[in-house]
Amino acid sequence: MKLSRERLIQSDGAVSVLVVILGFLVGTILVALVGKNPLNMYKAILQALSGYNIDNGKMNVRYIGETLNYSVPFILCGLSMGFANRVGLFNIGGEGQYIMGMTVAQMVALLGPQIQGLHWVLAIVCAVLVGSLWGGLVGVLKAKYEVSEVVSTIMLNYIALYLSRIISLQMPGATTYKTADFPETALITNDFFTKITNYSLLNNGIFMMIIAVIVFWFIMEKTSLGFGMRATGFNKEAARASGIPVVKSIALSMAIAGAFAGLAGGIIALGSFKYGRVLSGMDNYGFDGIAVALVGNSTALGTTLAGLLFGMLKNAQALMQGKQIPKEITFIIQGMIVIFIALRSALILYQQHLDKMKLQKEVGVK
Amino acid sequence: MAQLPVGFPHLTTKFVLQPAGDCRLSLNPLESVDSKRADKEELRVSEYAIEMKNITKTFPGVVANDKVTLQVRKQEIHALLGENGAGKSTLMSILFGSYIADSGEILLDGKPVEIKNPNVATSLGIGMVHQHFKLVQNFTVTENIVLGMEPVKGRVLDLKSASKRVAELSKQYGLQVDPDALIEDISVGQQQRVEILKTLYRNANIIIFDEPTAVLTPQEIDELMDILKALRAEGKTILLITHKLREIKEVSDRCTVLRRGTYIGTVDVADVSEQELAEMMVGRAVKFEIEKPEKTPGDVMLSLQHLEVKDENGAVKIKDLNLDIHDGEIVGVAGVDGNGQSELLGAITGLIPLSNGSIVLDGEPIEQLTIRERIEKGLGYIPEDRRRYGVVGEFTIAENSAIKSYYKSPYRKQFGILDFEAMKSGAEHLIDQFDIRSAEGPITKAGSLSGGNQQKVIVAREISLSPKVLVVAQPTRGLDVGAIEYIRKRIIDERMKGRAILLVSLELDEIMNLCDRIATISKGSIVAVNKQHEVTEREIGMMMAGSHKEAQA
C-alpha cells in the first residue's frame, strides 16, 4: 500500500490523472454550490465524449467529431509548448506562432494556385514554415544573445496579432472581420468524416496532428538530435561541457516548437473556417497549449491525452449551457488542474515528510 | 518534536523573540528566567562545557545523526572528525540552532537548553565561524562585526566605540586586523579573523570552526593554529570540524569521531596516531602513501601559451599563462581558490572564451575549436562541480556514459536514430570495469547515485574515450576515502598509459602526492613550476600567497 503511494507520487502520469480527478471534483463542488445539479455537468461531458444524450437516449456522432476537432489545436499547441519545455525553454509564444501560421495559410488559400491536391498542401507547409520561423527567431535571440524567451515570445504574440490584422485586411474581399471565401482547393474538409460524424467540422487536420505527435515522439525519444535537446533541457551546463551544441539545440527546438503551433494555425484556418478571419483578439489556443503540455508532462502521449481532455471540455461547454450549467465551470476545471499540477511539489514534500517519519520510527526517535 | 524537559518551551519562546543584539545585556538568560529550576543543577558543577546526548536527526532518506553523543570539556580544543557525509556539520548545525534535533538533549555547563535558532545559540555564548564567510564585501571590518547589533548613542550609530572594542578584542586574542579596512581589501585569512572577532564581540565562550583551513594557504593555517591556541588560553572552548588529521594532531586536545552518522568514539589526541584516527574515521585500514611508479615523460602533448582570459566585466582573470604538459606526466596546478583556476579550466575546455594566447594539443592549435571539436581531438575533462558540469542527473548511467559520443557510431545509426541498447551494453561494460555501484545498473538515474559513484561514471566515460590529454579538476572533493583512493589510482593508471594529465586541485596534499611537476598559480599566472620532490609544501604556500620572489631569494 505504502509502496504504491510512493510510486504514484513519483510517476508523472499518475499525478496528472490525479490532478484531473481533483480538478473535476472541485468543479463538481462548485456546480453544487451555485445550486445546480452536478449530474448535468457529467451528462454534458458524457455527451461530448460519446455523442450519447442520456436524457432522451438519442445518439449523435457529431459530438465525437467536434470533440476530436477541438482537440487538434490544443494538442498541437501543447506539443509546441512541450517541445520547448523539454529543452528547458518556456514557450509562451505558441499563440503568436499559431496566429502567424493561420495568417499565412489564409493568405495562400486566397492567393495561391488553385490546383486540387496542391493548394491546401502549400498553405499548410507555409503555415508550418512561418510558425517555425516565428519560433526560431526567439530561439536565435535566446541562444545567441541570451534574450529571455518569455519576454520575446510575449512581445511577438502581439506583433503577430497586429501583423495578422494588417495582412488580412489586404486580402481580397476583406471586411473588418473576414475576407472572401476560400476556393474549394484550399479546404481540408474530409467528406468521409463529414458523412460519418453527421456534419461535424472534423477534417484532415486530425491526420496532420497524429503525424505531428509521432514526429514529436520520434525526434525527442529516438534521435540523436532529441538526445542533445533533452540533455540541454535537464542540465544545460553539463550538456555544454559534454560538447553538445546547446546554442543550436535551443534555436532549433524553438523552431520545431513554432512549427507545431504554426500547423495548428493552418489547420484552424483551412479546416474550421471557409473564409479568412481578420482577428480582433487572440484565439488563446497557444496559451491553452501551455496548460495542455503541463498536464501532459510535455510528452507526446501525455500531451495528446491532455489535449483530448481540453477539446472535450470545450465541446461540453455549449452542452452544459443547454443544461443551465455555466460554461465557465470548464475554465475553472482547467485552471484547477493547472494549479494542482503546480502543487505537485507539495505532494513531493508531503512524501518526504512521510519518509522522514518512517525513518525516525526505524531509528527509534521517541 | 524534540525531547524536552517539561516547562521549557515557554522559556525558549522568549529567547526566540529576543534580538541577537540584546545578548550582551543578559549574559546567561538561563539563570534569570529559570532560576527555580536551575537551583538543583547549579550545585552540580559540570566538567563539560557542552554535552550533546543521543542526538538523532533525520532528513528525507538519510539519518544524518544516529544517537550521537558529544562531550566537550571546558577550555579544550575538541576536534570533530569524520568523512564527508559523516554528520559533523549536521551535529554542529544542531548545536548552533540551524537545525532542530529529532531527539536527544543538549546541556551547556550541565544545564539542559533548547537551541531553537542561531539567535538563541548566540545568546547562550555559542559562536560559529562558517566555512563560507558571511561578510558584506563593501563594509568595513567593524561594520561587519557589529552588523545586527549596532551600538547606538541616542539614535545615532556609534561606530567609534565599536571600532575601539574591536581593536581591544583583536589585541587581546592576537587577531591582527585593521578595524577600519574594507572586507574586499583584506586577505581571506584576515576575513576569517573578522568572523572570529564577530563571535568574540558577541561574547561567545564556545566557538565552532567549520572546516576553517579549507580556504587558507599553509602559512595562514599555521597562523590560525596559533589563534586557536590563544583562544583556548583565554578561556574559550573550541570545536573544530575537520577531516584533516594533521591539524587535529597539532592543536586538538581530544577528538570525537563520527562515521556515517554514528558516534565511533572520543579519544585523547595525544594517545593516538594519525593512522589510528584515520582508521576510526574510515572504519578500516587506510593507506596514506600513493604508489606511483617511475615514468619518463614523453613529448609535449598540451601546450598553453600566453593565455589571457577576461571575465564578463573585462577584468583580467588569467594573464600571460604558460605551461607545457608532457605525455605520461601529471602536472598539478596549486593555488588558493579564486586565483584563476576555474578560468584556466574553462579556457582549455572551451567553456570560457580565450581573449588571447594559444592552446596547442598534440601539435595542433585548438583554441578556435568548439567544445565538441576539442573533445574529438582528444581532450578529456573531469570537471570540478560534477553535478553541474559532469553528469545530467535525470539521465541514466547509460545516457551519461554516451553523452560525449552519442552522435557517432556505434550509438548513432541511420537517420539519426540512436541505439539505446548499445548505450546500455557500453555502460554495462564500464560499470563492471570501474566498479560503479548502482541500484538498477545502466538504467539507474545518475542523480540517484552517491557522489563517489557519480564521479566514477565521469571518470569511466572520460577514460573510455581514450583522451590524449586529461584535464582533472578537484577529482576527490566530497568523496569518501575509498572512492578517493580509487580515483587517484585511476589517474595514475592513465599516466602510466602515457596520457598527459593536468590536475587542478585546492587540496595541496593531493597535488604534492600525485603530481610529477607542480605549477603554482597566483593572480592568474603560473609563478613557478617545480619537480615533485624538489619543493616543500611551505615553499608552495609562499608562492600561492604571491610572494614567490621572497621564496626564491
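The values are calculated or read from the model by the stated rules, or taken from the named source; none is laboratory data. Remember, predicted model here, so these are calculated numbers, not experimental data. So basically every Cβ, Gly included, is an ideal-geometry build from the backbone, and we count neighbours across all protein chains shown.
The residues listed here are B:359, B:325; of these, the one that is more than 28 Å from the chain's Cα centre (by Cα), modelled with pLDDT of 95 or more and more than 14 Å from chain A (Cβ to nearest Cβ) is B:359.
Restricting the first member to segment A:276-288 and to residues that are on the phi > 0 side of the Ramachandran plot, and the second to residues that are buried (at least 17 other Cβ atoms within 10 Å of the Cβ), the beta-carbon pairs closer than 8 Å and six or more apart or on different chains are A:284/A:95.
Answer yes or no as to whether residue A:63 is in contact (Cβ under 8 Å) with a residue 60 or more places away in the chain and either crowded, with 24+ Cβ neighbours inside 10 Å or out of contact with any strand residue (DSSP E or B) (no Cβ under 7 Å at 6 or more places or on another chain) (or both).
On the way: in contact (Cβ under 8 Å) with a residue 60 or more places away in the chain: yes; either crowded, with 24+ Cβ neighbours inside 10 Å or out of contact with any strand residue (DSSP E or B) (no Cβ under 7 Å at 6 or more places or on another chain) (or both): yes.
Yes, satisfied.
For segment A:244-279, which residues satisfy the criterion of being under 21 Å from residue B:404 (Cα atoms), of a type outside the set (A, V, I, L, M, F, W, C) and surrounded by 24 or more Cβ atoms within 10 Å (Cβ to Cβ)?
Of the residues in segment A:244-279, the ones under 21 Å from residue B:404 (Cα atoms) are A:244-253.
Okay, now just the ones that are also of a type outside the set (A, V, I, L, M, F, W, C), so A:245, A:248-249, A:253.
Listed by number, the residues that qualify are A:249, A:253.
Exactly one residue out of A:215, A:150 is surrounded by fewer than 16 Cβ atoms within 10 Å (Cβ to Cβ), hydrophobic (A, V, I, L, M, F, W, C) and either modelled with pLDDT under 95 or part of a helix (DSSP H, G or I) (or both), and it is A:150.
Checking the structure you have, find out if any residue of segment B:450-460 is over 16 Å from residue A:242 (Cβ atoms) and β-branched (Val, Ile, Thr).
To start, the set of residues in segment B:450-460 that are over 16 Å from residue A:242 (Cβ atoms) comprises B:450-453, B:456.
The next check asks that each one be β-branched (Val, Ile, Thr); those that pass are none.
No - not one qualifying residue is present in segment B:450-460.
In segment B:67-82, which residues are surrounded by fewer than 21 Cβ atoms within 10 Å (Cβ to Cβ) and more than 14 Å from chain A (Cβ to nearest Cβ)?
Applying the first criterion (surrounded by fewer than 21 Cβ atoms within 10 Å (Cβ to Cβ)) to segment B:67-82 yields B:67, B:69, B:71, B:73-76.
Within segment B:67-82, B:69, B:71, B:73, B:74, B:75, B:76 qualify.
Entry remark, segment B:394-410: residues being in contact with a strand residue (DSSP E or B) (Cβ under 7 Å, 6 or more places away or on another chain) and either surrounded by fewer than 21 Cβ atoms within 10 Å (Cβ to Cβ) or more than 9 Å from chain A (Cβ to nearest Cβ) (or both) number 2 in total.
If only one of B:483, B:439 is under 29 Å from residue B:283 (Cα atoms) and over 20 Å from the mean Cα position of the chain (by Cα), which one is it? Please lay out each step first, then the result.
Working: B:483 fails: over 20 Å from the mean Cα position of the chain (by Cα).
From the options B:483, B:439, the qualifying one is B:439.
Provide a single number: the residues in segment B:383-393 that are more than 7 Å from chain A (Cβ to nearest Cβ), in a loop (DSSP other than H, G, I, E, B) and either modelled with pLDDT of 95 or more or in contact with a helix residue (DSSP H, G or I) (Cβ under 8 Å, 6 or more places away or on another chain) (or both).
Keep residues of segment B:383-393 that are more than 7 Å from chain A (Cβ to nearest Cβ), which gives B:384-387.
In the following step, the residues that additionally are in a loop (DSSP other than H, G, I, E, B) were identified as B:384-385.
Add one more test, that the residue is either modelled with pLDDT of 95 or more or in contact with a helix residue (DSSP H, G or I) (Cβ under 8 Å, 6 or more places away or on another chain) (or both), and what stays is B:384.
Qualifying residue count for the region: 1.
Among the residues of segment B:111-137, those that are modelled with pLDDT of 90 or more, in contact with a strand residue (DSSP E or B) (Cβ under 7 Å, 6 or more places away or on another chain) and either of a type in the set (S, T, N, Q) or over 22 Å from residue B:228 (Cα atoms) (or both) comprise B:112, B:113, B:115.
Is it the case, given these coordinates, that residue B:452 is free of Cβ contacts under 8 Å to residues at least 40 places away in the same chain and within 24 Å of residue B:401 (Cα to Cα)? Here the answer is yes, as residue B:452 does meet what is asked.
If you go through segment A:90-110 and keep only what is among the hydrophobic types (A, V, I, L, M, F, W, C) and at pLDDT below 95, you end up with A:90, A:92. Taking segment B:364-373 as the range and being within 8 Å of chain A (Cβ to nearest Cβ) and touching a Ser or Thr at 6+ places or on another chain (Cβ under 8 Å) as the test, only B:371 passes.
Picking from residues in segment B:411-447 that are outside any helix (DSSP H, G or I) and touching an Asp or Glu at 6+ places or on another chain (Cβ under 8 Å), the one that is nearest to the other protein chains (Cβ to nearest Cβ) is B:412.
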